[in-house]
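Structure, as structure tokens:
Computed from the coordinates by the stated procedures, all read-outs in this text should not be read as laboratory data. The model shown is predicted, which means the values in this text are computed figures rather than measured ones. Cβ sites come from the backbone with ideal geometry, for glycine too, and all protein chains shown count toward neighbours.
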Amino acid sequence: MSEAFEPGVVLAARDIVKTYGATRALKGVNFEIHRGKVTTLFGENGAGKSTLMKILSGVTTPTSGEIVLDGTPVTFASTVDARDRGVSIIHQELSLAPNMSVRDNIFLGREIRTATGVDYAEETRQAAALMRELEEDIDPATPVEELRLGQQQIVEIARALSVNARILIMDEPTSALSASEVEVLFKVIRDLTSRGVSIVYISHHLEEALQITDYAVVLRDGAMTATADRSAIDLEWIVRHMVGEHYDRGSPPTGYAFGDVALSVSGASVEDKNKGVLLVDNLSLDVRAGEIVCIYGLMGAGRTELLESIAGRVPLVGGDVRLLNRSLNGLSIAQRIDRGLVLVPEDRQRDGLVQTMSVGENLTLASIASFVRNLLTQPGKEKSIVQDSIRDVHIKTAGGKAAIGSLSGGNQQKVVIGKMLATGPKVILLDEPSRGIDIGAKAEVFRLLAEKASQGLAVVYSTSEVQECLSVAHRIIVMSKGRITAEFGPDVSKEDIMAASGEAVVH
Ligand SMILES: Nc1ncnc2c1ncn2[C@@H]1O[C@H](COP(=O)(O)OP(=O)(O)OP(=O)(O)O)[C@@H](O)[C@H]1O
Ligand SMILES: [Mg+2]
């Protein structure tokens, strides 16, 4: 017998267990979704958040346990089945077809038909209306691959909205969104809840998520550790229940002198060919061995373009990049990696991982030619590198042989960081390294970078979370419109950094 139906609860998970081989992803979870409210699910990487949501949206079935919809036990045969009953999900990993248009992605598998075929005009009209609602200036005819990551995430959101679901699950919907895009999304969420739509929200941006939360639920190691009303909790409550201890934000490593200039960028410019504007505008920057530099800026400030041009992914239209006083001009990405310059890219799903390979293969093999040559002459080295990486970067996995797809989203990201560190670089660039990574793992990644810096690695990372610049960076550089607008030491205030970025300071 199922438990009595509670009036406010639309969908409930009862004693859900999910096992993958020896992994117990969920160990008997009870979870409730309230009508017209936002239920936020917090938890570390690998805690089981996505797994629970996949079960509630028909992506996968539980090993045991029950799903109760409107008081009646149900089984979802598929995502289509769940969608037909009003449950829709925005996935953590984008699931768009890159070469198809925004419109075709939104209506994929649910085309609007007339007697004679697909009603493209109506689809275009509805897609345009959704873009307007999300305040995003995107033509529905644009191929998705031409959009930046954040815009792709907006399309993913639009697709979920187009279903008119009663229950909408959002698994990390804002990881690539700008602050203003997040604001629009929150407006849309409030509008949906006022019309009775129930939302489940998952995010590692804890402060941001708190703004939209009605009920908070914390998962830890596949079990529910806490649940509370918004009015009863704060950030500290979440962190305590997530990690079970107080966590340390980190501090810049000290006790050593910086070495020579490892990376020197002078007068670098990157152009947006379509618009004919400079995304990076005559920018110069020196980073010494052992130094950690944080680049803070809003979405569109040019951080990604700067880092990608240094790494050789996008061409410079002017200027020079030097590594250990040798010019890198004209060198390919692989040649730069060979010389000791690596980039952990913004879109790690697309650019950083080979989905058909194992965790170990991703950590060692992917595209790093000289590294592979070295491995071939040192049998046994590969295995130890994989083990060291898994340990150093704290990757939660069954082992090096596990499929990359079996890792939780955040742990897949850690593989990319581990892979780049394993090449033994002189300079590492990380574009938003903390995206999708839980608060404990963030601290671990920064601690690891600090340790490598104290051994001589030059580190440059970008972030759009001010607080993250105030962790381990010796120097904080603020970018706006392709230029450096300010430079600070580690003792700067949050407000000063934000003001230099052109951001309104919220008190
Ligand atoms: N298809 C799968 N095969 C094997 N193991 C899996 C699979 N999917 C998930 N797991 C395991 O289940 C556990 C929970 O993963 P899940 O993706 O639910 O975590 P999460 O809380 O969403 O983490 P994140 O914050 O990193 O997204 C992890 O240990 C993960 O490795
Ligand atoms: Mg997840």
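Cross-link partners of K419 among lysines, defined as those whose alpha carbon lies under 24 angstrom from its own and excluding same-chain residues fewer than eight positions apart: K381, K383, K396, K401, K442, K452. Size of the stretch 94-197: Rg and Dmax of its alpha carbons, in Å, are 13.5, 43.
Over the stretch 9-243, what is the mean sequence separation of C-alpha contacts under 8 Å (at least six apart), divided by residue count, expressed as relative contact order in percent? Taking the mean separation of contacting Cα pairs over the length of the stretch 9-243, I get 28 percent. Here is the list for the stretch 214-289: chymotrypsin sites (Phe, Trp or Tyr not before Pro) lying in DSSP coil, each with at most 14 other C-beta atoms within 10 angstrom of its C-beta, are Y256.
The stretch between K187 and S64 holds 40.6 nm of extra length on full extension. This uses 0.36 nm per residue minus the Cα-Cα distance. For the listed peptides 19-30, 423-434, a ranking on the average number of other beta carbons within 10 Å per residue, highest first, reads 423-434, 19-30.
Geometric descriptor of the chain, per residue, is 161 Å³ (volume of the convex hull of the Cα atoms).
Here L353, L421 are placed in order of increasing Cβ neighbour count within 10 Å, fewest first, which gives L353, L421. Among the trypsin sites (Lys or Arg not before Pro) found in the stretch 121-181, those both in a DSSP coil and sparsely packed, with 16 or fewer other Cβ atoms within 10 Å of their Cβ, are R148.
Can you give the extra length, in nm with one decimal, that the chain gains between E451 and S384 once fully stretched, where that is 0.36 nm per residue apart less the Cα-Cα distance? Mind showing how you got there, number by number?
Numbers: separation 67, 0.36 × 67 = 24.12 nm, distance 1.95 nm.
So the chain would gain 22.2 nm between E451 and S384.
So what is the relative contact order for the chain, in percent, with contacts set as C-alpha pairs under 8 Å and at least six apart?
Relative contact order for the chain comes out at 16 percent.
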